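For reference, the structure is listed below as structure tokens.
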Amino acid sequence: MPWFKRVEKGIHTPTEEKKETPDGLWYKCPSCKAVSSMAEHRKNLSTCVKCNHHDRIGSKEYFAILFDNNEFTELDANLTSGDPLDFVDSKPYPNRIVATQKSTGLKDAVRSAYGKMNGREITISCMDFNFIGGSMGSVVGEKIARAIDHARKTRTPFMMISKSGGARMMEAGFSLMQMAKTSAKLALLSEEGLPYISMLTDPTTGGVTASYAMLGDFNIAEPGALIGFAGPRVIKETIGKDLPKGFQSAEFVLEHGFLDFIVDRKELKDKLTNLLSMVCEKDADNAKIKTRKATKAS
Ligand SMILES: [Zn+2]
């Protein structure tokens, strides 16, 4: 006779009495495989406590990191995409948009907002990779263009946080036009003497790299971010050579002179504040000198 005998057949536990481990309680780092609690991981701004791997985060998290007390005013929050080409791949483009809006709670792949960062007014546009790969379509371009206009109108610095696979193929040529539009707006910002900080996060590729992401007065990046234009396979096939180690990582790009510095997410807010205080105070001094000269002349 077995030492254990099941008296009743089947397990009768009412659903409300079932005990389950909640989802997402633990975080396993994809880089060093270290396990930490989700709470600890979030407290560390989604960077690994052991190896400092920077996990991908979205506009919600970046706004919470940068804006004082997470207080900000969103710009053009309800701008949504049209379907200029009647594009259909595995499903019609409008259906894809609606489905993605539902699953992500976002309207498109970028959000713009203004508020205070360590007491200093700033306008920030931030991309969301989980909205169709952070692809740049007409809404993304338009929202960035309008955010730049807002920065010009309020005379505040502009910051762009890029995270994108490139142009949105479902809008084809309309996506590519956004490269010219955003670049032209940035030229106006520059003419008016307002600083533009571009931060490239993992991944920043394609048409985004080829337009606004590389046009900053300061181009900065997060550690380990993939930064490039074409994918490594395409380049390898084109040049017929093996690519060097670490190719297209933020560190590689910095070493080759395309970035100003790499910044740890945990130091981002303070570093940006220091940077802007240096740039803007110099601006204020120049303005004073100009007015002094003007009064002397009159
Ligand atoms: Zn790690």
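The values are calculated or read from the model by the stated rules, or taken from the named source; none is laboratory data. Because the structure is predicted, anything quoted here is derived from the model rather than measured. A quick note on method: Cβ atoms are made from the backbone with ideal geometry, for glycine too, and the neighbour counts reach across all protein chains shown. The protein model used for the area step is the full one, side chains on, heavy atoms only, and it has no ligands, DNA or RNA in it. Shrake-Rupley method; radii C 1.70, N 1.55, O 1.52, S 1.80 Å.
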*Looking at region 31-40, which of its residues are near the ligand (Cβ under 10 Å from one of its atoms) and either without any contact (Cβ under 8 Å) to a residue 12 or more places away in the chain or within 20 Å of the chain's Cα centre (by Cα) (or both)?*
33, 35
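Taking region 153-167 as the region of interest, how many residues are out of contact with any strand residue (DSSP E or B) (no Cβ under 6 Å at 6 or more places or on another chain) and assigned to a loop (DSSP other than H, G, I, E, B)?
Total satisfying the criteria: 3.
Taking helices (runs of 4 or more DSSP H) that fall entirely within region 176-264, which contain at least 1 residues that are under 20 Å from residue 30 (Cβ atoms)?
232-239, 250-255
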*asked:* Within region 138-152, does at least one residue satisfy the condition of being in a loop (DSSP other than H, G, I, E, B), under 17 Å from residue 108 (Cβ atoms), open to solvent by 50 Å² or more (accessible area, probe 1.4 Å) and at pLDDT 95 or above?
replied: no
*State which residue is most open to solvent (accessible area, probe 1.4 Å) when the search covers only region 46-60 and only residues that are among the hydrophobic types (A, V, I, L, M, F, W, C) and at pLDDT 95 or above.*
51
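Would you point out the residue of region 83-111, among those that are in a loop (DSSP other than H, G, I, E, B) and open to solvent by less than 50 Å² (accessible area, probe 1.4 Å), that is nearest to residue 162 (Cα to Cα)? Lay out the reasoning, then the answer.
First pass over region 83-111, keeping only residues in a loop (DSSP other than H, G, I, E, B): 83-87, 89-91, 105-109.
Pick out the ones that are also open to solvent by less than 50 Å² (accessible area, probe 1.4 Å) and you get 83, 106, 108-109.
On the way: 83: 24, 106: 16, 108: 14, 109: 10 Å.
Only one residue fits best here, namely 109.
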*over 30 Å from residue 172 (Cβ atoms), of a type outside the set (A, V, I, L, M) and buried (at least 18 other Cβ atoms within 10 Å of the Cβ) - does that describe any residue in region 31-44?*
yes
*With the checklist (1) under 20 Å from residue 144 (Cα atoms); (2) more than 16 Å from the ligand (Cβ to nearest atom) in hand, flag the one item residue 85 doesn't pass.*
(1)
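Looking only at region 47-60, count every residue that is of a type outside the set (D, E, K, R) and more than 9 Å from the ligand (Cβ to nearest atom) and tell me the total. Walk me through how you get there before you give the answer.
As a first pass, look at region 47-60 and keep what is of a type outside the set (D, E, K, R): 47-49, 51-54, 57-59.
Next, from what is left, pick out any that are more than 9 Å from the ligand (Cβ to nearest atom): 54, 57-59.
Residues meeting the conditions: 4.
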_Matching entry among 267, 251 (being out of contact with any strand residue (DSSP E or B) (no Cβ under 8 Å at 6 or more places or on another chain), over 28 Å from residue 187 (Cβ atoms) and open to solvent by 10 Å² or more (accessible area, probe 1.4 Å))_ = 267
_When you scan region 61-75, do you find a residue that is within 16 Å of the ligand (Cβ to nearest atom), small (Gly, Ala, Ser), under 25 Å from residue 161 (Cα atoms) and surrounded by 11 or more Cβ atoms within 10 Å (Cβ to Cβ), even just one?_
no
